[in-house]
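Undergrad: Dropping a structure here in structure tokens format, bear with me for questions.
The values are calculated or read from the model by the stated rules, or taken from the named source; none is laboratory data. These figures come from a predicted structure and were not determined experimentally. Ideal geometry is used to build each Cβ from the backbone, glycine not excepted, and the neighbour counts take in all protein chains shown. Side chains included, ligands, DNA and RNA excluded: accessible areas come from the protein's heavy atoms. Shrake-Rupley method; radii C 1.70, N 1.55, O 1.52, S 1.80 Å.
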Amino acid sequence: MSAVGEPGTRLTRSPRVAAGFIRRGEVVAFPTETVYGLGADIFNEAAVRKIFAAKGRPADNPLIAHISSIAQLESLAAAVPSDAARLIAAFFPGPLTLVLAKSGRVPASATAGLETVGVRMPRHALAQEFLAACGVPLVAPSANLSGRPSPTTWQAVRADLDGRIGCILKGAQTEVGLESTVVDCAAGDPVLLRAGAITLEQIRAVTPHVRLADDLHASRPRSPGLKYRHYAPRARVVVVARPEEAVTGPGAAYIGLDSPPRPVDFARREICAGVDAYARAMFHFFRRCDADGIEIIYCQAVAERGIGLALMDRLRRAAAIAHG
Ligand code: TXA
Ligand code: MG
């Protein structure tokens, strides 16, 4: 893509080529079923620091370790309590991150100094091939500039991080579109720290005593990352209960399940076939609105059950951002 000697980000579809960058201490963006991640060798502190630098991520925000085998999990966690073991049996591999007491092998730089580590095993076939080729767990946050919507396509990764990272492993648009569910199993009853595609109802069916973090919707959450500006496009986000509440105009966009009365009067609009499709489309829609110079995005609210809990969480956070 670029001339020899110029800083450039390599684009590839080969998990083996991408794993070569990891072995050389570089950072690599890769697809998962949730969103694209930005990975580095968990045991290489210089590589882990490159993640924070490339994203502009605050150093006190811990990273999730991505594994390709249960044996790797056992090397990262000091203990796997019985609730965690049940959740692993039910949902690994998949869009679930478990927070566990960390072993001495996990460097402090990966967990922002916490005594716990978040661990997840993606089910995405290309992610699994890539992780297996790396041979080590990778710490990986979402592969966006800090504060931007999470990337669901490799083009979104390139728009944010071209020239700042070694390599992008190209895959399709991600299937879920929202980040993984995060459940803290490090001490006592499991606590839902972040809603995601593995729903609260599914978690409850396996561990009925799971609690919601008191601060799931508060401004000082337990999951450190949730206190930061997140998920927001440059445009203002307004959540509306009914499509009739959205106001048309040249700088206005609309996304939801039901069509507004005059859809063509919105500069951009997307009517989603169901809540899963809405979740999958949202971050991509936000980014396209920004590219179009949209000023206000109306988002139809959905019922807070199933993946609707996670979708409403992200919409509220995007809407809570003060603009101006
Ligand atoms: O789906 C996902 O989880 C994606 C893909 C790439 O796997 N990753 C992702 O990472 O969303 P990130 O860094 O954007 O979000 C990780 C969240 C943050 O809110 C962080 O604070 C929380 O997980 N987290 C990580 N380790 C934690 C720990 N030890 N204790 C509590 N929260 C933790
Ligand atoms: Mg993120």
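Undergrad: Note down the relative contact order for the chain as a percent, whole number, built from C-alpha pairs under 8 angstrom at least six residues apart.
TA: For the chain, the relative contact order is 19 percent.
Undergrad: Something else now. How far apart, in nm, are the 7 Å Cα→Cβ label points at E45 and E244?
TA: With each label placed 7 Å out from Cα toward Cβ, I get 6.2 nm.
Undergrad: Right, another one. Would you mind working out the accessible area per residue for the chain, using a 1.4 Å probe, and quoting it in Å²?
TA: Computed with neighbouring chains in place, this is 41 Å² per residue.
Undergrad: Just the number, please: carbon plus sulfur as a percent of the accessible area of the chain, 1.4 Å probe, no ligands or DNA/RNA counted.
TA: Its accessible area is 51 percent carbon and sulfur atoms.
Undergrad: Residue separation times 0.36 nm, minus the C-alpha to C-alpha distance between A59 and Q202: what's the value?
TA: Length difference between fully extended and current span is 48.2 nm.
Undergrad: For G249, what residues show an amide H to amide H distance below 5 Å, using hydrogens built from the backbone and excluding near sequence neighbours?
TA: A267
Undergrad: Charges on Cβ only, +1 for Lys and Arg, -1 for Asp and Glu, centred on the Cα centroid of the chain; of S180, Q202, A143, which one is farthest towards the dipole's positive end?
TA: A143
Undergrad: Could you state, as a whole-number percent, how many of the C-alpha pairs of region 236-319 are farther apart than 22 Å?
TA: When every Cα pair of region 236-319 is considered, 14 percent fall beyond 22 Å.
Undergrad: For the chain, max minus min Cα coordinate along each principal axis, in Å, sorted largest first?
TA: 57, 57, 33
Undergrad: When the helices in the chain are scored as -39500 (n - 2.57) per DSSP H run of 4 or longer and the sum is shared across all residues, what 222 nm value do you end up with, to the nearest 500 deg cm²/dmol?
TA: It comes out at -8500 deg cm²/dmol, rounded to the nearest 500.
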